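Below is one structure, written out as structure tokens; the observations come after it.
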Amino acid sequence: MKSGKLKILLLAAGAMILNSCKQDKVFGDITPNTDRPIIEFSEPSGFKSVAMDYSTSYIDLDITDIRFMIRSYVTKNATAKIIINPGLVYDYNDKNQTNYAVVPASLYGLVNDQFTLSATERSKTVRIHIRPSDVASGQNAIGISIAQVDGGEVSRIAGTLVVAISVKNKYDGSYHLKGFYTRTDNPPYNGPFETDVQMVTTGPNSVAMYWPFGGDYYQPFSNAGNLTAFSNVAPEVFFNGADQVTSINNYTGDPATGPFMTPSPGANSRFVPGATPVIYLKYYYNTNPANRIFADTLTYTGPR
């Protein structure tokens, strides 16, 4: 079981005003300060999130652009070679305390690994060939590097990139959860609760409940007013073509509660689309329709 208290971090940002004279179509308001042709990825932070629709067919997915640095004055072509670099994901996890799984190289590939840039074509799109259903669950990422450049230099700042890959169906997203847990045999557990969760795509018509505060797949509830969760209870919800809930699986895989999650009869658990989608979910577990009941109302707040 996990529990804790909500922490809020506030970040203050300062403002900076830069004054310069307009230069040209390439440099805009930035004054060129180098004649060196430096090639980089378009994300100076070294990280990017990319989402795609669920599919069992392979697709070509745009993940970034490779380009001349904006301050580079270009007079000749340069050819860059990029490679898959899974070690970048491990390094990113260590540095940022994240837990991205490396997508196996057998599940995807670079559409092109060489790019020739010129003064008239300073940027090109990098794509991977991937099947969304292969990475529909969990938190996945890939790493790529600019390995070498003929006719220029590799950027020391933006020459590597970690790309988080996510798959989304129409039920996927961030939701505000208001619920009630009926647990008559344990009064501190019985009562209302409220928190934010994510519903993460696991298939073409299914999503699993991920609780960011707990850091894993859980069904949160209240223990005497404190948010908590059982480590072996997390609903994976399946919908039919009419957006009705047809079944619920325990995404933790624990056999003690595994197959025994059942939509409550007559509760009309469903997804309601619209400007602000809502998921209504009521189910019980451990084969007891009169106890251990979760009644959840999930209101969509935005993409995850």
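Annotation note: Cβ proximity below 6 Å between a residue of the range 269-284 that is under 13 Å from PHE239 (Cβ atoms) and in the same structural domain as LEU298 (by TED's automatic domain parsing) and a residue that is among the aromatic types (Phe, Trp, Tyr) and modelled with pLDDT of 95 or more (sequence gap 6+ or interchain) occurs for SER269/TYR280; ARG270/TYR280; PHE271/TYR171; PHE271/PHE239; PRO277/TYR300; ILE279/PHE271.
The rows are residues; the columns are (1) under 25 Å from ALA51 (Cβ atoms); (2) at pLDDT below 95.
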| site | (1), (2) |
| --- | --- |
| ARG183 | no, yes |
| TRP211 | yes, no |
| ASN249 | yes, yes |
| THR252 | yes, yes |
| ALA256 | no, yes |
| MET261 | no, yes |
| SER269 | no, no |
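ALA234 meets the conditions (1) over 22 Å from ALA136 (Cα atoms); (2) buried (at least 20 other Cβ atoms within 10 Å of the Cβ); (3) touching a residue at least 24 places away in the same chain (Cβ under 8 Å) in every case but one. The failed one is (1). For the range 127-155, give me the residue count where each residue is farther than 30 Å from SER206 by Cα and in a strand (DSSP E or B). The qualifying residues number 9.
How many residues, within the range 43-73, are under 30 Å from THR202 (Cβ atoms) and either of a type in the set (S, T, N, Q) or in contact with a Cys (Cβ under 8 Å, 6 or more places away or on another chain) (or both)? Talk me through it step by step, then tell me what you get.
Of the residues in the range 43-73, the ones under 30 Å from THR202 (Cβ atoms) are 43, 45-64.
Now restrict to residues that are either of a type in the set (S, T, N, Q) or in contact with a Cys (Cβ under 8 Å, 6 or more places away or on another chain) (or both): 45, 49, 55-57, 64.
Residues that pass the stated criteria total 6.
Scanning the range 33-61 for residues that are touching an Asp or Glu at 6+ places or on another chain (Cβ under 8 Å) and assigned to a strand (DSSP E or B) turns up ILE38, ILE39, PHE41, VAL50.
With respect to being modelled with pLDDT under 95 and under 20 Å from the mean Cα position of the chain (by Cα), SER55 fits the description. Before we move on, is PRO187 modelled with pLDDT under 95 and not assigned by TED's automatic domain parsing to the domain that holds THR56? In short, yes.
Quick one: is PHE294 among the hydrophobic types (A, V, I, L, M, F, W, C) and either in a loop (DSSP other than H, G, I, E, B) or in contact with a Gly (Cβ under 7 Å, 6 or more places away or on another chain) (or both)? Here the answer is yes, as PHE294 does meet what is asked.
Test PHE213 against the criterion of being of a type in the set (Phe, Trp, Tyr), touching a residue at least 12 places away in the same chain (Cβ under 8 Å) and in contact with a Gly (Cβ under 8 Å, 6 or more places away or on another chain), and give yes or no. Here the answer is yes, as PHE213 does meet what is asked. Can ILE59 be described as among the hydrophobic types (A, V, I, L, M, F, W, C), touching a residue at least 40 places away in the same chain (Cβ under 8 Å), over 26 Å from ASP150 (Cα atoms) and out of contact with any strand residue (DSSP E or B) (no Cβ under 6 Å at 6 or more places or on another chain)? When the stated conditions are applied, ILE59 passes them. The numbered conditions (1) modelled with pLDDT of 95 or more; (2) part of a loop (DSSP other than H, G, I, E, B); (3) not assigned by TED's automatic domain parsing to the domain that holds VAL50 are all true for ALA158 except (3).
Got a sec? Which strands (runs of 3 or more DSSP E) wholly within the range 175-258 have at least 3 residues that are not hydrophobic (A, V, I, L, M, F, W, C)?
Values: elements: 191-203, 206-211, 220-223, 226-229, 235-239, 245-250.
Because the criterion is at least 3 residues that are not hydrophobic (A, V, I, L, M, F, W, C), the strands (runs of 3 or more DSSP E) in the range 175-258 that meet it are 191-203, 220-223, 245-250.
The values are calculated or read from the model by the stated rules, or taken from the named source; none is laboratory data. Computed from a prediction, not measured in an experiment: that's the story for all the values here. Don't worry about glycine lacking a Cβ; one is built from the backbone with ideal geometry, like all the others, and counts go over all protein chains shown.
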